[in-house]
1. Which numbered condition in (1) within 16 Å of ligand 1 (Cβ to nearest atom); (2) more than 30 Å from residue 368 (Cβ to Cβ) is the only one that residue 625 fails?
2. Filter the stretch 87-102 down to the residues that are open to solvent by 40 Å² or more (accessible area, probe 1.4 Å) and among the aromatic types (Phe, Trp, Tyr) and list them by number.
3. If residue 495 satisfies all but one of (1) away from ligand 1 (no atom under 16 Å from the Cβ); (2) in the same structural domain as residue 588 (by TED's automatic domain parsing), what's the number of the condition it fails?
4. Go through the stretch 440-457 and give me each residue that's touching a His at 6+ places or on another chain (Cβ under 9 Å) and within 11 Å of ligand 3 (Cβ to nearest atom).
5. Does the stretch 678-701 include one or more residues that are open to solvent by 80 Å² or more (accessible area, probe 1.4 Å), basic (Lys, Arg) and under 16 Å from residue 643 (Cα atoms)?
6. Restricted to the stretch 187-211, and to residues that are away from ligand 1 (no atom under 16 Å from the Cβ) and of a type in the set (Gly, Ala, Ser), which residue is farthest from the chain's Cα centre (by Cα)?
7. If only one of 376, 349 is out of contact with any helix residue (DSSP H, G or I) (no Cβ under 8 Å at 6 or more places or on another chain), modelled with pLDDT of 95 or more and of a type in the set (Val, Ile, Thr), which one is it?
8. Which one of 498, 477 is surrounded by fewer than 20 Cβ atoms within 10 Å (Cβ to Cβ), within 24 Å of residue 689 (Cα to Cα), modelled with pLDDT under 95 and more than 10 Å from ligand 3 (Cβ to nearest atom)?
Amino acid sequence: MVLNTVTSSHPLRIRVAVPLPLHDCFDYLVTAEQYTNLEIGSRVKVPFGRQQCIAVVMEKVPPNTPQETKFKLKHILEVLDPSSLITQKVISLLKWSAQYYLFPIGEVVQSAFPTRLRQGYAYARTAPAWKVIDFDANEKLKRSEKQRTAYTHLLRQIEPCFETSLINEGFSLPTLRALEKKQIIQETEKNIDFSAKPIQLAQIPLTANEDQKNAIDQILEKQDTYQAFLLDGITGSGKTEVYLQVMYDVLKQGKQVLVLVPEIGLTSQTISRFRARFDCHITLLHSGLTDVQRLHAWQQAQTGQASIILGTRSAIYTPLPHLGLIILDEEHDLSFKQQDGFRYHARDVALYRAYLEKCPIILGSATPSIDSFALVEQKKIQHLTLNTRTGNAVLPKMHLIDLKVSPKVHGLSQYLIGHIKQRLQQQEQVLIFLNRRGYAPVLMCEHCGWQANCPNCDAHFTLHTQPYQHLHCHHCGLIQVLPPSCPECKQETLKPIGLGTVKVEDGLKELFPDTEIIRVDRDSTSRVGSLEKIYEKIHQNKPLILLGTQMLAKGHHFPYVTLVAILDIDAGLLSVDFRAPERTAQMIVQVSGRAGRGEKKGEVFLQTLRPDHPTLNTLISKDYRVFAQQTLKERQTALLPPYRYTVLVRSESKDEQKNLQFLTEISKNLQEISAQHLEIWGPIPAPMQRKAGKYQAHLVILGKERAHLHYYVRHWWSFVLSQCPTHIRLSIDVDPQELN
Ligand code: ADP
Ligand code: ZN
Ligand code: ZN
């Protein structure tokens, strides 16, 4: 429908972002009718070079604006969305993100759309659903519990059930497919009804304690304005209860709540707590969904149908018409920072989004990041604390075990083994943490000292024994067979050195032959649903040993674990990265926080060669907050982030010399244009100089004022990209979290 067609003395144009690594937007011609009807944020199909692509309208060039370029402009080919699918606030967020992270706008814009829409598929009016066709199949499903529960669930539905709802309930697509194969259920398409469902309480809220009440009141006071809160509560202090009570007030007004958690593994636990409390529409957004499921889940959020949107990092760009609150749980977690490509930090993007949306945001953690504490110091975030564990639970007591003097068996000190035995005898659960998967981190010749190293990287091969013996480089992925004897001295004296989770598992099996041992790491949980199975076991009140990597450190609730042991904390303490003590402290406190969450008191054992290390001692004799305050002071004295802002340029090439030479040149260039405003470190070889056959080098740029840093770096960076030789791969990381 065209009401008033525009007229213009120059051809009418729109400016679009194309899905390519290009920092500029491009102009295309449109008809007067298209110009009038098109909205910013709509998808259009355009010709680009010899290809066609799905672009997003970022701007309508005002009529009568003379054309800047001499190039002959092309017409758009097709309008895919008559009205925009994303909100204007999300468009502002995308533009800001591209500017802030110096990343091509065309690629940043992709973050706001699910894959299907990026590929040019239409907005869906129907979505996959499942219905029962065999109403008497119980007999056939005797042996598969999963299939039987899914079947029983579907039997109870009057209408076909959306696949996304089934996934949210914890059923998996392979289970559904298996039932389909047996001709018990059938896939169909169901019309999507986007009307929102009113929210109701399914469970009476707990009576908040004083700290919780104070936090809830303070947040609700700022309900209709932008305000950031740091909910700093020790593990088990009831942060989730604070979220739930604040959410209820916001949801009651018909607004949406966006909740971000660090990883998929935590979504199922969180969703069941939300479900238990609220009867309302919840949608899950994470990378484990198929493209079609993700589109449906995204549409539920985007139309306002879903009241609670629970997701991982990338959900921060989801358009939400009625957003009223953002919650980032475990805000210190590194998973919120994307570590390749578009290197945004979901926490910082979320803070800016809350500001744009004029709504409150809660950052919650038992070990808040030093960056967030700095924002508290600058009065940009309001600090709320929860100081006691709820109920009878108290924080576990920590013990240091000096490995220099304590005899070890299978990597565990005798002292620790004694304590584990005792806990198991009392029918309690034990958690053993080791952040190294595989059998052993090094394979060495005892005779001549030869070590198995990756030919492509400056790194040792990790020895794996499962599913067969092999060497695996965790940096480039190379896999090799084990040499039968030492390649140098030909002796058969190759020996695994150091501990991996599999080796510890073998040792534990010998030490505790009658106890169930569950290993949780990336190798043991690669199969879908295996984590859920493990959690089920942990929640049965039976003695067992849980052994695993950082997958165990995050937010999980293990009510029967009373002893936690961290086998090797020294790697973190010895790292050159100035953030290493912060990460190690967070890891120790988070892992420790898994102990003693139930009725029984917990204990934590830390094995180390450095029992005198200041980080460890502050944590043990004081607590994380004291550690954080000390760390802030140290960073301030050393003028390190967050007291200076940083940008890290990474460059890699097969040619080491040319790589360093190029970085030297561009570094000089930046020095000249920025005068004394910035400090530049490097070029310095990366901590791992050679990775996958390429030499890695860094340039670290520091500035006291964020505005200065960004101003100079932005101008410099476009020049750098135009000068970059083809054999060098460059990337830029604004506010880097890791210097590797
Ligand atoms: P956190 O997220 O801070 O680690 P949780 O929210 O998981 O802590 O709370 C720990 C336990 O305490 C949960 O089992 C929760 O139900 C319980 N809890 C929280 N708040 C209260 C309260 N006010 N009264 C009683 N129990 C509570
Ligand atoms: Zn040898
Ligand atoms: Zn390698």
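The values are calculated or read from the model by the stated rules, or taken from the named source; none is laboratory data. Model, not experiment: these values are computed from the prediction. Positions of Cβ are backbone-derived with ideal geometry, glycine not excepted, and every protein chain shown enters the neighbour counts. Side chains included, ligands, DNA and RNA excluded: accessible areas come from the protein's heavy atoms. Shrake-Rupley method; radii C 1.70, N 1.55, O 1.52, S 1.80 Å.
1. Looking at each condition in turn, residue 625 falls short on (2).
2. Once the filter is applied, which keeps residues that are open to solvent by 40 Å² or more (accessible area, probe 1.4 Å) and among the aromatic types (Phe, Trp, Tyr), the stretch 87-102 yields only 96.
3. (2)
4. 453, 454, 456, 457
5. no
6. Top of the filtered list is 195.
7. Answer to the selection: 376.
8. Just a single option satisfies the conditions, and that option is 498.
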